[in-house]
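In what follows, a structure is listed as structure tokens, so that the remarks can point back to it.
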Amino acid sequence: METVIKFNRQKREINVWYALLTLAIMIGSMLYTVVVLQQAPHIPLLIGTSAAIIITLCHGYKWDEVEEMMYKGIRHALPAIVIIMLVGLIIGSWIGSGVVAAMIYYGLKLISPTYFLSVVVIICGIVALAIGSSWSTMATVGVASMGIGISMGLSPGMVAGAVISGSYFGDKMSPLSDTTNLAAGLTNVDLFQHIRHMFYTTIPGLIISLIVFFILGQMYGSNHLNQGRIDEIMKAIDQSFIISPWLLVVPLVVIVIVALKVPAIPAIVIGIVLGFFTQIFFQGDTLLDAVKALQVGYTLDSGNEMIDTLFNRGGLESMFYTISLTLVAMTFGGLLEYSGMLKALIQVILRFAKNTGTLIASVIVSCIGTNVTCSEQYISIIVPARMYASTFVDHGLHPKNLSRALEDGGTLTSVFVPWNTCGVFIASTLSVSVVEYAPFAILNFIVPIISIIYGFVGFKIVKLTQSEQKFFQQQEALVE
């Protein structure tokens with residue numbers, strides 16, 4: 001039976017200076033460890049966690065209460081951890097079955113390097129829109145796109161940026177997306193009204209991204225094309241796997257069943273099972289080979305270094321680094337949120353929100369700050385939604401302005417934080433560091449900028465009528 005600890009409401013509040021001290025310790029140790037020592041971010045996060053524990057205990061909390069804060073933070077990450085484990089399995093399964101190889105093979109055969117980056121944005125956007133998951137899109141279509149792009153001689157960071165831009169566009173605009181439903185639900189906004197309102201910031205961001213990637217394709221696609229190397233890679237793939245258009249049925253089935261509103265986890269499991277049996281019956285591998293591909297990833301020794309780099313990956317064990325970092329990050333995030341440190345920081349930001357422009361900018365800055373400090377995309381939506389909901393209504397602003405800002409600032413910027421669950425997932429799945437892909441994740445940094453500009457110029461900022469304002473104030477009172 002789970003023990004529920006009731007927090008003592010009379011404990012001393014932790015003021016903003018202690019919250020800033022905790023962040024300074026974490027960020028300082030993070031910069032030194034990651035940049036100077038070039039080590040993983042786990043230890044800096046543990047140092048920040050230790051500082052948060054000491055400060056919380058000094059403010060009168062008991063150890064049992066502090067422990068419960070950490071556990072509550074970890075609980076937020078459990079759905080993400082399940083997805084991360086399944087992604088490791090599906091990558092191993094689809095590489096072993098030849099599905100990824102077939103996607104790379106036909107991609108190299110059909111797509112021109114000049115238009116490749118723009119095509120990747122569009123395809124990833126369509127898939128993510130259909131299935132409502134940027135992670136699942138990146139783990140399947142994204143992995144294949146990386147293989148095609150690298151084979152063409154394009155920069156891994158550039159290709160990853162195209163994958164991320166398309167995947168997050170589709171995820172953000174999909175009615176099946178968890179973050180989209182979360183932002184709408186927390187602000188009492190109709191889901192499709194929320195999506196329509198996001199069109200005004202997200203579509204311009206997508207258009208700018210496509211233009212930039214088209215230009216990059218013109219600049220680098222033809223110049224770096226080595227047809228001899230591409231022919232060599234296609235030959236090596238053909239020798240290492242049985243390639244057939246029938247292999248593309250596996251990802252098609254997964255896309256169709258998710259489009260039929262089957263939840264993401266069962267859909268990914270179906271994809272894993274299909275890949276597992278395809279490896280045995282289509283590629284002719286043994287049961288042991290298929291199990292090993294799921295556990296430790298697929299192993300290939302083709303004699304071609306690039307081919308081996310592309311296909312020696314996946315498996316459950318490849319995700320243990322990501323899982324451990326997620327757990328450590330969420331422990332730190334749980335302490336910041338439930339001790340009140342995050343609330344203290346956001347309340348200071350609210351003091352500067354005097355008009356619509358500064359209010360929307362404050363939401364986006366708060367979302368970014370939450371992504372940095374709490375390391376989780378969902379918390380970057382949940383906490384600012386709680387803090388700003390009544391403020392928007394009191395200022396006569398429709399809550400859909402808030403729901404849009406939450407997605408523009410929270411969902412999209414999570415990819416830029418190396419220790420955030422999204423940053424960690426992308427780096428491990430696409431095998432590209434955050435530093436490499438960040439300049440090319442164009443949609444993800446353009447949309448927040450557009451959103452802030454709209455706030456200051458008043459473009460597509462919806463005001464509340466008096467009756468609407470009264471209604472939403474009543475809704476907020478019920479929540480409180």
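The values are calculated or read from the model by the stated rules, or taken from the named source; none is laboratory data. Since the structure is predicted, the reported quantities are computational estimates derived from the model, not experimental observations. Backbone-built Cβ (ideal geometry, glycine too); neighbour counts: all protein chains shown. The protein model used for the area step is the full one, side chains on, heavy atoms only, and it has no ligands, DNA or RNA in it. Shrake-Rupley method; radii C 1.70, N 1.55, O 1.52, S 1.80 Å.
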Counting only protein heavy atoms and a 1.4 Å probe, tell me what percentage of the chain's accessible area is made up of carbon and sulfur. 66
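Of LYS343/LYS460; LYS72/LYS400; LYS109/LYS172; LYS172/LYS470; LYS72/LYS343, which pairs sit farther than 25 Å apart, going by alpha carbon to alpha carbon?
Working: LYS343/LYS460 29 Å; LYS72/LYS400 29 Å; LYS109/LYS172 31 Å; LYS172/LYS470 29 Å; LYS72/LYS343 16 Å.
The answer is LYS343/LYS460; LYS72/LYS400; LYS109/LYS172; LYS172/LYS470.
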For ILE111, ILE95, ILE449, give the ranking by accessible area with the largest first, probe 1.4 Å. ILE449, ILE111, ILE95
Solvent exposure, largest accessible area first (probe 1.4 Å, DNA, RNA and ligands not counted), of ILE268, ILE243: ILE243, ILE268
For LEU78 and TYR115, extending 7 Å from Cα along the Cα-Cβ vector and measuring point to point gives, in nm, a value of 4.8
Taking the 0 to 90 degree range and rounding to the nearest ten, how far is the long axis of helix 356-374 tilted relative to the main principal axis of the chain, both from C-alpha atoms? 60
For ASP394 and LEU57, calculate 0.36 nm times their separation in residues minus their Cα-Cα distance, and state this gained length in nm to one decimal. 117.7 nm
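Taking 25 Å as R0, compute the FRET efficiency from the Cβ-Cβ separation of PHE199 and VAL249 and round it to 0.05.
In this case the efficiency is close to 0.15.
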At 7 Å along Cα-to-Cβ for each site, give me the label-to-label distance between ILE126 and LEU287 in nm. 4.0
Could you calculate the FRET efficiency of ILE211 with LEU20 from 1/(1 + (r/R0)^6), where r is the beta carbon distance between them and R0 is 30 Å, rounded to 0.05? 0.15
Between LEU397 and residues 5 or more places away or on another chain, which pairs have amide H atoms under 5 Å apart, with H built 1.01 Å from N, and which residues are they? LEU464
How high is the relative contact order of the chain, in percent, counting Cα pairs under 8 Å that sit 6 or more residues apart? 23
Can you tell me the accessible area per residue over the chain, all protein chains present, probe 1.4 angstrom, in square angstrom? 42
Contour minus Cα-Cα span, ARG351 to LEU46, at 0.36 nm per residue, comes to 106.7 nm
